[in-house]
Amino acid sequence: MIKISTKIPKDIYIAVSGGLDSMVILDFLRRSNSRNIEVLHFNHRTEHSDSAEALVRKLCEDLDLNLFVGEISTDKKKNESQEEYWRRERYSFFEKFNDKKIITCHHLNDQVETYIFTMLNGNEMLIPSKRGNFIRPFLLTKRADLESWAKDKCVIFADDPSNNDVKYSRNLIRHKIIPLVSKVNPGLEKIVMKKIMKSLL
């Protein structure tokens, strides 16, 4: 079940990468005829990013949705990780659209990864449900539920192989560390979910 934890306005942008999470959320939200949706897509100029952009463009054309596309515009800083660089560039583009709220498609599994990552770095944190112009209404939704929606509704999405590359910290945590931590504490998701719900009060 896709759970909404924060009120979603009528007029919104949705940040759509072309991956499963954002393509499902776009499909989920567009089924409500009461919302006016426009789409933001950022091309990171990686090996597979052009194909993801083409997929998003085609979908927006088919659905008659306005699409705004950004891309890398500055060089990576000397001491900046690749992940930090991509995130900085992506949000620099998104922040230009401040006339209405931007929906990002972070979910419960993203929260667990963030919790582990920040805890290992000595600064335990969660992804906030709201920050400035950004709203993250799906933080209580499991990725498995997004996968089920994609299967049931035949949602087409781009599968980026770089998401499996454990040289990136997020992927290492997702594919290696969390499975091990979950063996020690199978209730890890429930712990994080309780923290999310507490933060929403």
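The values are calculated or read from the model by the stated rules, or taken from the named source; none is laboratory data. Here the structure is a predicted model, which is why all the values come from computation and not from measurement. Here Cβ is always computed from backbone atoms with ideal geometry, including for glycine, and neighbour counts include all displayed protein chains. Please note that ligands, DNA and RNA were not included when accessible areas were found on the heavy atoms of the full protein model with its side chains. Shrake-Rupley method; radii C 1.70, N 1.55, O 1.52, S 1.80 Å.
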Checklist outcome for this item: Note: Asn163 to Met197 extended length (0.36 nm per residue) minus current alpha-carbon separation gives 9.4 nm
Checklist entry - Expressed in nm to one decimal, what extension gain is obtained for the pair Thr46 and Lys100 from 0.36 nm per residue of sequence separation less their Cα-Cα distance? => result 16.6 nm
Item to check | Efficiency of FRET from Cβ geometry, Asp152 and Ser34, R₀ 35 Å, rounded to 0.05 | outcome: 0.95
Next on the checklist: Modelling each spin label as a point 7 Å along the Cα-to-Cβ direction, I'd like the Arg87/Leu180 distance in nm, to one decimal.
Outcome noted: 2.2 nm
Next on the checklist: Taking 25 Å as R0, compute the FRET efficiency from the Cβ-Cβ separation of Thr118 and Lys7 and round it to 0.05.
Outcome noted: 0.40
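Skip the ligands, DNA and RNA, and give the accessible area per residue of the chain with a 1.4 Å probe, whole Å².
Per residue, the chain has an accessible area of 58 Å².
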Checklist entry - In the chain, what percent of the accessible surface is made up of carbon and sulfur (1.4 Å probe, ligands and nucleic acids excluded)? => result 51 percent
Checklist entry - Among 44-57, 170-183, what's the highest-first ranking by average C-beta atoms within 10 angstrom per residue? => result 44-57, 170-183
Next on the checklist: Please give the Cα centre distance for region 150-173 versus region 128-146, rounded to the nearest Å.
Outcome noted: 17 Å
Checklist entry - Taking 0.36 nm per intervening residue step and subtracting the Cα-Cα distance, what contour gain separates Lys58 from Glu189 on full extension? => result 43.6 nm
